[in-house]
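Enquirer: My questions will all concern the structure given below.
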Amino acid sequence: VGVVSWGFGCANPSFPGVYSRVSYHASWSKVTICEISSSPPSYFGCGNIETPTVPEENSVPITIVIQLDDHPLEISWSILRKETETVLASVAEGTYTVPGSRSQETVFLSPGSNNVFKISDGYGDGLCCNTPGNYRVVLGRTAEGQVLVSGGGDFGSEREHEFQVPTDFMDKTEKPKIEDGEIPLTVVIQLDNSPQEVGWRIDRLDVHNEEVIRIPAGIYKTPGMVVVRTVLLRQSELYYFNIYDVAGDGIQGGKVQLFLGTTDIFDSSRLIFESDGNIQAGKDHEFMAALNNDSTDPPLLPSEVFLTLELRMDFYPGEISVQLRMDNEETSINREAAAKAKEDTVIFFRPPEYYKDRVNEIVVERISIPGTSPGASRQFSFIISDRYGDGLCCSWVGDKPTGYTLYEGDPSDGQVIVDSKFESSGREVKVFTVHGGDANIFDAGGEYESETSVEIKVTITLDVYPDETGFFIEDSLQRRVVDVPPGTYKDQNKKIEEIVTLYPGLYTFTITDIFGDGLTRADSFYQLDLVNDNVGRPHLLTGNGAFTSQESQVFLIEGDAAKYPLWIHIPLGVTPQDFGFAIYRLDLVESNAVVASRARGSYELANEDALETLLVTEGGLYRIIFENTSQGINGDIRINMGSTNPNIFKGIEYTINAEDTGNLQRGHAKFYAGAPFSLSTSGDEGEVLTLRMNFDRFPSEVEWILLSNNDISTSSRLGFMDREIVAFGPEVLYDQELENKVFEETIMIPEHLKNHRFTLLVTDSGNDGLCCSFGEAGPVELFQGAAEESNLLVSDPFEGKDRLVEEFYLFGRSTDSGWSLFYASHFWVYGLILLSSMNL
């Protein structure tokens with residue numbers, strides 16, 4: 001029996017309908033009907049229906065271990081009470097995402113109970129493929145307990161096992177030992193009758209924030225189930241836990257608990273957070289992963305060196321949290337030591353709510369830091385956050401504006417390291433360096449997120465199921481800076497517009513649909529626009545409703561750096577709605593990112609000329625991708641750069657032939673935003689590099705860029721404006737004749753760039769690197785001078801990924817080649833735009 005989920009028309013032979021499997025949800029339906037119906041059917045046996053509850057102290061832990069195959073999304077399982085078919089625990093199809101991984105979940109069942117374990121595969125081939133799987137259900141909290149149920153991967157669509165929970169089980173599981181700097185965190189969530197509304201996540205908080213685990217809304221399906229999940233964290237690090245309910249009504253009758261340093265959910269000495277279900281739309285908690293739960297500060301060694309932090313609070317001091325991080329290793333003046341990767345440690349921390357009673361006060365903190373050895377330096381990062389996202393914004397403290405100042409030593413000495421108003425921002429990072437010697441010298445070396453803010457308008461046309469749709473925006477450090485969860489919107493078929501504030505930088509926009517059918521209206525779309533843009537530029541990014549559960553696009557806000565004019569002259573054809581384009585920035589180490597776009601369907605006037613204009617960053621490398629089906633274009637596309645007036649050309653122009661454009665479904669033009677590059681050939685010597693690549697069967701997929709960074713004495717944490725293009729290649733595409741061959745490029749580094757740090761960026765549009773049919777494939781190698789092992793700077797197999805990023809230092813050597821090699825190679829020209837086809 002099935003219920004229609006979605007389809008096109010009814011019984012259309014070309015578009016079969018999609019139905020939900022009612023039997024899969026039978027247990028939930030029975031429990032729900034028994035709970036809310038005043039006269040449920042007698043055959044439901046509602047008098048015998050149980051609702052799972054929070055595990056009592058005598059509950060028996062049962063662990064489900066599954067070795068997944070290469071298609072983990074197909075796997076689901078459930079445990080049911082045999083007599084009543086009540087679902088006690090379940091994991092829905094689509095939960096497991098990592099091919100070949102091993103899952104391990106612990107649930108709590110009543111001693112002596114008779115239960116059924118059911119495992120299912122949505123495709124019907126079991127745990128079959130490439131990494132053959134298996135499963136077992138064992139007693140206890142680990143995978144090594146007594147086996148109650150087990151089986152191989154050959155179960156087809158579904159298999160069931162009956163088992164009984166013993167009455168005499170003694171849990172002898174020892175508390176986990178701290179090894180390799182890890183510490184366990186056990187999350188316990190008692191869900192209500194709407195489990196699909198609940199999601200949660202844990203993030204590690206540092207300069208480069210990272211997601212530890214994210215369980216989105218829609219994963220949990222079983223009403224009243226108890227979630228018990230243990231996550232391994234890095235000891236003495238800061239973490240952020242957030243649990244939310246997309247309907248905004250909390251977890252009715254539920255509970256949320258966090259236990260640090262144990263898997264024993266009855267060990268109250270390890271309880272660091274507890275909340276009832278009254279979380280409304282959400283609740284969060286920041287904590288340090290250290291066994292001493294009562295301390296917010298890690299231990300410090302005695303030191304005569306100290307900092308003074310002055311915080312001038314607004315009316316909401318409970319929103320503020322601060323941390324100071326220190327690189328673990330000192331950096332020697334020796335440049336080779338400077339190239340080594342470094343990790344850092346939290347040496348000072350104040351969580352949200354710590355200052356909640358200090359309304360409109362000046363708070364002073366003294367922070368001890370280790371001294372730095374003579375001849376060495378150490379980098380520090382000061383991070384301040386505001387939960388609400390508006391910084392210290394809203395008042396004065398006496399005669400001082402709200403904000404903060406970080407001093408070297410006592411404030412009376414007047415040695416200011418950082419001074420900031422910290423307004424209209426949710427987070428600010430300031431970096432400074434301490435140089436050792438007879439006296440420590442402080443150098444304010446850099447900062448993050450200090451650019452002027454930019455307003456972005458998010459537009460989405462909703463369908464008839466608006467509560468399924470949400471969106472979020474993450475920055476390059478994977479921090480979720482904007483979050484509008486499903487359940488927010490209630491009006492059908494409405495066009496919604498949201499204004500959000502961001503800073504120049506790299507972001508990822510993700511639109512979500514918890515039902516998995518996208519935006520079902522035929523004309524639905526979403527787009528992002530810069531607000532108050534005086535140029536009349538295209539949209540920042542665009543998309544339509546034809547996605548499933550979610551769709552993501554990486555985009556770049558270039559901010560004040562974008563001052564270089566770009567004009568696109570488009571002669572539209574008889575079907576202008578068939579034409580669209582997108583412009584991508586290519587010289588970013590993190591990802592290619594869209595900076596402007598027009599979706600197909602944006603143009604309406606046939607046989608008219610369209611003129612698009614925007615400002616890009618001079619010195620950036622870009623690609624324009626055109627979409628032209630049918631007769632969207634009727635004439636040559638002209639691109640002008642560098643001129644403030646498209647009709648008075650003083651910059652660079654490139655014309656895309658109309659005949660070529662008409663024959664291409666998709667074409668693209670790659671260009672460097674700047675004047676053609678030129679060099680004097682006299683009196684300046686450079687450095688020769690050799691780039692060698694062992695191509696696979698698809699050389700046309702490979703491109704590369706060489707970037708110079710700041711001088712090597714600066715921070716290794718670079719933003720998207722901190723690098724300069726030195727060379728890039730190829731001009732169009734590498735020829736197919738290079739299939740399975742070794743190929744070398746010669747690069748000349750100008751004299752003024754020696755003694756710099758460089759980044760080699762190699763990309764593969766096939767997303768698999770140099771992987772296929774060249775024996776061992778790869779590697780990509782870069783040599784200083786000729787291609788000899790003694791000169792090797794970079795070597796990487798470049799397999800199974802779309803992007804290779806390698807940093808290296810170049811100290812410069814004399815060469816007798818002069819600048820002749822700069823022009824001897826054929827692979828790159830500054831200021832050149834070339835059209836190529838995806839069909840080549």
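Enquirer: Do you know which residues across segment 223-252 are modelled with pLDDT of 90 or more, in a loop (DSSP other than H, G, I, E, B) and touching a strand residue (DSSP E or B) at 6+ places or on another chain (Cβ under 8 Å)?
Expert: Once the filter is applied, which keeps residues that are modelled with pLDDT of 90 or more, in a loop (DSSP other than H, G, I, E, B) and touching a strand residue (DSSP E or B) at 6+ places or on another chain (Cβ under 8 Å), segment 223-252 yields only 251.
Enquirer: Going through segment 549-573 one residue at a time, which ones are within 26 Å of residue 803 (Cα to Cα) and assigned to a loop (DSSP other than H, G, I, E, B)?
Expert: Residues satisfying the conditions are 549, 558.
Enquirer: Determine whether residue 169 is of a type in the set (A, V, I, L, M, F, W, C), over 34 Å from the mean Cα position of the chain (by Cα) and not in a strand (DSSP E or B).
Expert: On the way: of a type in the set (A, V, I, L, M, F, W, C): yes; over 34 Å from the mean Cα position of the chain (by Cα): yes; not in a strand (DSSP E or B): yes.
Against the criterion (of a type in the set (A, V, I, L, M, F, W, C), over 34 Å from the mean Cα position of the chain (by Cα) and not in a strand (DSSP E or B)), residue 169 qualifies.
Enquirer: Then there is this: Kindly list, by first and then second residue, each pair from a residue in segment 271-283 that is part of a strand (DSSP E or B) to a residue that is of a type in the set (D, E, K, R) and open to solvent by less than 40 Å² (accessible area, probe 1.4 Å), limited to pairs with Cβ atoms under 9 Å and residues at least 6 apart or on different chains.
Expert: 282/245
Enquirer: One residue is enough: does segment 313-321 have a residue meeting the conditions closer than 18 Å to residue 428 by Cα, assigned to a strand (DSSP E or B) and modelled with pLDDT of 85 or more? Write out each step before concluding.
Expert: Of all residues in segment 313-321, those closer than 18 Å to residue 428 by Cα come to 313-314, 316-321.
With the extra rule that they be assigned to a strand (DSSP E or B), the set shrinks to 320-321.
Restricting the remaining residues to those that are modelled with pLDDT of 85 or more gives 320-321.
Scanning segment 313-321, I find at least one residue that is closer than 18 Å to residue 428 by Cα, assigned to a strand (DSSP E or B) and modelled with pLDDT of 85 or more, so the answer is yes.
Enquirer: Of these, 761, 770, 793, which one is over 30 Å from residue 641 (Cβ atoms), open to solvent by less than 40 Å² (accessible area, probe 1.4 Å), in contact with a Phe, Trp or Tyr (Cβ under 8 Å, 6 or more places away or on another chain) and modelled with pLDDT of 50 or more? Talk me through it step by step, then tell me what you get.
Expert: On the way: 761 fails: over 30 Å from residue 641 (Cβ atoms); 793 fails: open to solvent by less than 40 Å² (accessible area, probe 1.4 Å).
Criteria check complete, one pass: 770.
Enquirer: Please work out which residue is most open to solvent (accessible area, probe 1.4 Å), limiting yourself to segment 322-345 and to residues that are at pLDDT below 90 and among the polar types (S, T, N, Q). So that I can check it myself, show each step before the final result.
Expert: Filtering segment 322-345 down to residues at pLDDT below 90 leaves 325-345.
Next, only the ones that are among the polar types (S, T, N, Q) stay: 328, 331-332, 334, 345.
Numbers: 328: 66, 331: 21, 332: 52, 334: 82, 345: 49 Å².
Taking the candidates together, the pick is 334.
Enquirer: Right, another one. With respect to residue 97, is the statement that it is modelled with pLDDT under 90 and more than 30 Å from residue 291 (Cβ to Cβ) true? First the steps, then the outcome.
Expert: Numbers: modelled with pLDDT under 90: yes; more than 30 Å from residue 291 (Cβ to Cβ): yes.
Against the criterion (modelled with pLDDT under 90 and more than 30 Å from residue 291 (Cβ to Cβ)), residue 97 qualifies.
Enquirer: Right, here's the next one. Go through the residues of segment 574-581 one by one and say whether even a single one is open to solvent by 40 Å² or more (accessible area, probe 1.4 Å), in a strand (DSSP E or B) and touching a residue at least 12 places away in the same chain (Cβ under 8 Å). Even if it seems obvious, please write down each step before you answer.
Expert: Filtering segment 574-581 for residues open to solvent by 40 Å² or more (accessible area, probe 1.4 Å) gives 574, 577.
Checking the rest, the ones that are also in a strand (DSSP E or B) come to none.
No: zero hits.
Enquirer: What tally of residues in segment 154-185 results from selecting those that are of a type outside the set (A, V, I, L, M, F, W, C), closer than 30 Å to residue 384 by Cβ and either at pLDDT 85 or above or touching a helix residue (DSSP H, G or I) at 6+ places or on another chain (Cβ under 7 Å) (or both)? Give the steps one after another, and end with the answer.
Expert: To start, the set of residues in segment 154-185 that are of a type outside the set (A, V, I, L, M, F, W, C) comprises 154, 156-162, 164, 166-168, 171-177, 179-182, 184.
Of the ones still in play, those that are also closer than 30 Å to residue 384 by Cβ are 181-182, 184.
Keeping just the survivors that are either at pLDDT 85 or above or touching a helix residue (DSSP H, G or I) at 6+ places or on another chain (Cβ under 7 Å) (or both) gives 184.
So the count comes out to 1.
Enquirer: Continuing with this model, one more query. Return the residues of segment 489-528 that are within 18 Å of residue 388 (Cβ to Cβ) and among the polar types (S, T, N, Q); say none if nothing qualifies. Before you say what the answer is, go through the steps one by one.
Expert: First, the residues of segment 489-528 that are within 18 Å of residue 388 (Cβ to Cβ): 498-503.
Passing the criteria: only 501.
Enquirer: In addition: Cβ contacts < 7 Å: first residue surrounded by 15 or more Cβ atoms within 10 Å (Cβ to Cβ), restricted to segment 513-542; second residue among the hydroxyl-bearing types (Ser, Thr, Tyr) and assigned to a loop (DSSP other than H, G, I, E, B), any location; separation 6+ or different chain. Result?
Expert: Taking only residues 6 or more apart or on different chains, the pairs are 513/549; 515/465; 516/548; 516/549; 517/548; 518/548.
Enquirer: Yes or no: residue 244 surrounded by 22 or more Cβ atoms within 10 Å (Cβ to Cβ), among the aromatic types (Phe, Trp, Tyr) and out of contact with any Ser or Thr (no Cβ under 6 Å at 6 or more places or on another chain)?
Expert: Values: surrounded by 22 or more Cβ atoms within 10 Å (Cβ to Cβ): yes; among the aromatic types (Phe, Trp, Tyr): yes; out of contact with any Ser or Thr (no Cβ under 6 Å at 6 or more places or on another chain): yes.
Spelling it out, residue 244 is indeed surrounded by 22 or more Cβ atoms within 10 Å (Cβ to Cβ), among the aromatic types (Phe, Trp, Tyr) and out of contact with any Ser or Thr (no Cβ under 6 Å at 6 or more places or on another chain).
Enquirer: Just a yes or no: is a residue in segment 444-463 open to solvent by less than 10 Å² (accessible area, probe 1.4 Å), within 29 Å of residue 377 (Cα to Cα) and at pLDDT below 85?
Expert: No, segment 444-463 contains no residue that is open to solvent by less than 10 Å² (accessible area, probe 1.4 Å), within 29 Å of residue 377 (Cα to Cα) and at pLDDT below 85.
Enquirer: Has segment 376-388 got any residue that is part of a loop (DSSP other than H, G, I, E, B), out of contact with any helix residue (DSSP H, G or I) (no Cβ under 9 Å at 6 or more places or on another chain) and at pLDDT 85 or above?
Expert: Start the filter on segment 376-388 by keeping residues that are part of a loop (DSSP other than H, G, I, E, B), which leaves 387-388.
This time we only want the ones that are out of contact with any helix residue (DSSP H, G or I) (no Cβ under 9 Å at 6 or more places or on another chain), so: none.
No, segment 376-388 contains no residue that is part of a loop (DSSP other than H, G, I, E, B), out of contact with any helix residue (DSSP H, G or I) (no Cβ under 9 Å at 6 or more places or on another chain) and at pLDDT 85 or above.
Enquirer: Can you spot a residue in segment 254-271 that is closer than 24 Å to residue 352 by Cβ and modelled with pLDDT under 85?
Expert: No, every residue in segment 254-271 fails to be closer than 24 Å to residue 352 by Cβ and modelled with pLDDT under 85.
Enquirer: Within segment 555-566, is there a residue that is in contact (Cβ under 8 Å) with a residue 60 or more places away in the chain and more than 17 Å from residue 614 (Cβ to Cβ)?
Expert: No, because not a single residue in segment 555-566 is in contact (Cβ under 8 Å) with a residue 60 or more places away in the chain and more than 17 Å from residue 614 (Cβ to Cβ).
The values are calculated or read from the model by the stated rules, or taken from the named source; none is laboratory data. Since the model is a prediction, treat every value here as computed from it, not as a measurement. Quick reminder, even Gly has a Cβ in these numbers, built from the backbone with ideal geometry, and neighbours come from all protein chains shown. The area values use the complete protein model at the heavy-atom level, side chains included, leaving out ligands, DNA and RNA. Shrake-Rupley method; radii C 1.70, N 1.55, O 1.52, S 1.80 Å.
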